[in-house]
Amino acid sequence: MSDEPARHPSTPLEDYALLSDLHTGPLVSREGSIDWLCFPRFDSPSVFAALLGGPEDGRWRLSAVDGEVVSRRYLPRTFVLETTWRTPTGTAVVTDFLPPGGSEDRPDQADLVRRVECTSGTVEVEHDLRIRFDYNRTLPWTRRVEVDGDGTCGLLSIAGPAALLLTGPMLHPQEAPHEDPAQDAGPEQPGRPDDDAGAVSDRLGGCFGLSSGESLDWVLTWHESHHELPEPVDPARALDHAVSFWTEWSSHVSTHKRHEQAVLRSLLVLRALTHRGTGGIVAAPTTSLPEEFGGTRNWDYRYTWLRDAALTIEVMVAHDFTDGALHWRNWLLRAVAGDPDQVQIMYGLAGERWLPESELDHLAGYEDSTPVRVGNGAVDQYQADVVGEVMLALAALRDAGIEEDTYSWELQKNLLRFCEHNYDRPGHGIWEMRGKPALFVHGRAMMWAAFDQGIRAVEEHGLAGPVERWRRLRDRLCAEIMEHGFDEQLNTFTQTYDNTEVDASLLQLPHTGFVAYDDPRMLGTVARIERDLRGAHGLVHRYRTASGLDGLEGDEYPFLICTFWLVEQYARSGRVADAGELLEQLTGYANDLGLYAEEFDPDSGRLAGNFPQAFSHLGFIRAVDAVVRARAGESFEDRLGL
């Protein structure tokens, strides 16, 4: 393998579709290439990593020879992807999906199904399959195996603890075309893997002709290599299972008539990014998709942030799906159980605490953006806002009629003790800055909200707690924020106690209950954000990177959630027309399948950052809720009719 990563043009993020089985989330390009896939979990090492490099880093491309894609869609209310190809001789439909869950005896077994049906004339379909375990650090050994007693064969690829079994019409070793750098990506192919000895598998492929009405299926099944061969799923039954699972789940979710399909897709994305077994929701299924093309702000988002879990609970409650919200709540309570001084901002999908950050120097990076990182060093940061986010979410559940048990309330009191122990501690803020810790106004207001919700739980729901102590701490925070976090001359809340910058997170102050949306101090803050953080394109940056507070090199594109927050602020402070206009603009930044990335580059018109991003979809849902209610003239305190 060459020391220098190969350079390839990157597929625009808007060309990708997400698949999900509630364990992992592969990305499929418009041209039929699965360029990102981690088995068996979202945060597992990849088996396809072309997204962060090129074809030699692993992919599975299935395409119609001499064809073009004329349409693609998800089957309604599902993550079953249909892509229609047209060739000079006919048309074909490719169906890609993962059936949710695994078998009862092997819950982590994962199956990726690809079906091709010729719908008119004749077509020839071509495969290019390159399995690269462990982020393309390990080429597998591939051999032909008998799958069952009737002589059906498959290709078994093994490297260490992981194995992939491919069943369906047989693929064979292929020579890479002369211009393809993949010919230098691994050992020379010694032969066809159709004997017991097998061979190092560099590239598998094949062409298959189909006539109208004919179809072919392939299934790629992950399993642990020390187990017996898994029984591959039946593609037709697996398709029925996938469709019924997604449609049944979505039938429990209420949405607005306006923007109904877009909101439903965003709610489905939140479910798709949630691990079925544990309830942990990943911020995104990807790592190191850059905040600036060619830059170094590239982070691994395949973990669960307390903040994201809390906001997910809130939007699920707002859309009458309390059963689903309980799934997330139970994960959250398990994650924070233990010594209150050991609460983290983020965890692994099952609540793992150790998420060390490292770099993969052999990958070229998306749009040559390096380093490519796995793990996330922000796990060790202190962020003062997270307990407030959690307490607000659990309060929403209480207000929706979900009773606390002794366990859940005691853990919440533990969280408030954590706030007491860290009362005067500087932090890194909601944006996980890697510079010097500071007292961020947003974080202080969220700590205020944490104590405020504890007080409400006692006074309005009859729970037991040291309410007088919490009230003193809350009131002290209020006075402190107004003294050190509000600049009377500028008429604005500030980013930190030590500067006069503004930060988009200040748009969340009214959400905490600390200040009203139409309070003159809040309106002054909005005006300052519009001046300093909102460009001619109308999108909002998180903060001014030129201030140097984040301790990072380079710049970044506007974050979509920040602009969604501005929509919500407009709607709730009487600027309903402005809110509606900005929401329509933002709606156009989702791709054709309704998926949002973390950011949007207004100059190139491209999505950027990790994709799809739970935070962006959460922001979109809340923005739509706010605009719909404002147009209806409803009270924002009245949750009826959502």
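Since every read-out is calculated from the coordinates, none of them should be taken as a lab result. Only a predicted model underlies this, so the values are computations on that prediction, with no experimental measurement involved. Neighbour counts run over all protein chains shown; Cβ positions are idealised from the backbone, glycine included.
Say a site is exposed when it is one of the GluC sites (Glu not before Pro), sits in a DSSP loop, and has at most 10 other Cβ atoms within 10 Å; what is then the longest site-free stretch of the chain?
Values: sites that count: Glu104, Glu179, Glu188, Glu228, Glu403, Glu488, Glu553, Glu637.
My reading of the result: 229-402 is the longest stretch.
In degrees from 0 to 90, rounded to the nearest 10, what is the angle of the helix 467-484 Cα long axis to the longest principal axis of the chain?
The answer is roughly 90 degrees.
Between beta-carbons, use under 12 Å as the cut-off and find the net charge around Gly609, counting Lys and Arg +1, Asp and Glu -1. Provide the component values of the computation, followed by the final result.
On the way: positive: Arg297, Arg542, Arg606; negative: Glu291, Glu292, Glu367, Glu556, Glu598, Glu599, Asp601.
Charge balance in the 12 Å sphere: -4.
Angle check, please: helix 260-272 long axis (alpha carbons) against the longest principal axis of the chain (alpha carbons), in degrees 0 to 90, nearest 10.
Long axis of 260-272 versus the principal axis of the chain: about 80 degrees.
Can you tell me the length gained on complete extension of the stretch Asp405 to Thr587, counting 0.36 nm per residue apart and subtracting the Cα distance?
Additional length available on full extension: 61.5 nm.
Once Rh for segment 399-497 is found with the Kirkwood sum over Cα pairs, what is the Stokes-Einstein diffusion coefficient at 4 °C and 1.567 mPa s, in µm²/s?
Working: Rh = 14.8 Å.
Rounded to a whole number, D works out at 88 µm²/s.
Which residue, chosen from Tyr407, Met346, Phe42, occupies the Cα position most advanced towards the positive end of the dipole of the chain, where the dipole is computed from +1 (Lys, Arg) and -1 (Asp, Glu) charges on Cβ about the Cα centre?
Most positive-ward Cα: Tyr407.
Between segment 228-299 and segment 499-567, what's the alpha-carbon centroid distance in Å?
A separation of 29 Å, based on Cα centres.
How large is the convex hull of the C-alpha atoms of segment 316-452 per residue, in Å³? Please list the in-between numbers first.
Values: hull volume 19.5 nm³, N = 137.
Normalising the Cα hull of segment 316-452 by residue number yields 143 Å³.
Once you put a point 7 Å from the Cα of Tyr423 and another 7 Å from the Cα of Gln489, both along the Cβ direction, what distance in nm separates them?
Modelled inter-label distance: 3.1 nm.
Please report the Cα spread of segment 252-632 along all three principal axes, rounded to whole Å, starting with the longest.
54, 49, 46
Distance from the Cα centre of segment 374-411 to that of segment 7-43, in angstrom?
Here the two parts' Cα centres lie 31 Å apart.
Projected onto the charge dipole of the chain (+1 at Lys/Arg Cβ, -1 at Asp/Glu Cβ, origin at the Cα centre), which of Thr87, Gly594, Gln174 gives the Cα projection farthest towards the positive end?
So the residue furthest toward the plus end is Gly594.
Computed over the Cα atoms of segment 13-247, what is the convex hull's projected area averaged over all directions, in nm²?
12.7 nm²
Calculated FRET efficiency, Glu459 and Glu352, Cβ-Cβ r, R0 41 Å, to nearest 0.05?
Details: r = 37 Å, r/R0 = 0.90.
In this case the efficiency is close to 0.65.
Please arrange Arg417, Arg72 by counting, for each residue, the other beta carbons lying within 10 Å of its beta carbon, fewest first. Walk me through the numbers on the way to the answer.
Working: Arg417 16, Arg72 20.
Going from least to most buried by this count: Arg417, Arg72.
With a 10 Å Cβ neighbour count serving as the proxy for reagent exposure, in which order, fewest first, do Ile481, Ile402 appear?
Final ranking by Cβ density, sparse to dense: Ile402, Ile481.
Counting only helical runs of four or more DSSP H residues, what would the 222 nm mean residue ellipticity of the chain come to if each run contributes -39,500 (n - 2.57) and the total is spread over all its residues?
Rounded to the nearest 500, the figure is -9500 deg cm²/dmol.
According to a simple spin-label model (label point 7 Å from Cα along Cα-to-Cβ), what is the distance in nm between Tyr497 and Gln342?
2.9 nm
Near Ser358, within a Cβ-to-Cβ distance under 13 Å, what is the net charge of the other residues, with Lys and Arg +1 and Asp and Glu -1? Numbers along the way, then the final one.
Values: positive: Arg137, Arg373; negative: Asp134, Asp300, Glu357, Glu359, Asp361.
With Lys, Arg at +1 and Asp, Glu at -1, the net is -3.
Of [x] 45, 25, 24; [y] 48, 37, 21; [z] 37, 33, 23, which is the value of semi-axes √(5λ) of the Cα gyration tensor in Å derived from the coordinates here?
Computing semi-axes √(5λ) of the Cα gyration tensor in Å and matching it to [x] 45, 25, 24; [y] 48, 37, 21; [z] 37, 33, 23 gives [x].
If the chain between Asp150 and Asp519 were fully stretched, how many nm would it gain, using 0.36 nm times the residue separation less the Cα-Cα distance?
Net length gain for the segment: 125.4 nm.
Positive end of the dipole of the chain, charges at C-beta (+1 Lys, Arg; -1 Asp, Glu), about the Cα centre: which of Phe208, Thr563, Ile281 has its Cα farthest in that direction?
Farthest towards the positive pole: Thr563.
Compute the distance in nm between two label points, each set 7 Å from the Cα along the Cα-to-Cβ direction, one at Glu31 and one at Ala536.
3.4 nm
Expressed as an acute angle from 0 to 90° and rounded to the nearest 10, what is the orientation of the C-alpha long axis of helix 322-336 relative to the principal long axis of the chain?
Tilt of helix 322-336: around 80 degrees.
For a quick check: sort Trp141, Trp565, Trp36 by the number of other beta carbons within 10 angstrom, fewest at the front.
Trp141, Trp565, Trp36
Please work out the FRET efficiency for the pair Arg334 and Glu214, using the Cβ-Cβ distance as r and a Förster radius of 45 Å; give the result to the nearest 0.05. Please report the intermediate quantities before stating the final value.
On the way: r = 49 Å, r/R0 = 1.09.
Once the sixth-power term is evaluated, E becomes 0.35.
About the Cα centre of segment 13-247, how large is the charge dipole given +1 on each Lys and Arg Cβ and -1 on each Asp and Glu Cβ? Please answer in debye to the nearest 20. Mind showing how you got there, number by number?
On the way: 19 positive and 40 negative charges, 107 e Å.
Computed about the Cα centre, the dipole is about 520 debye.
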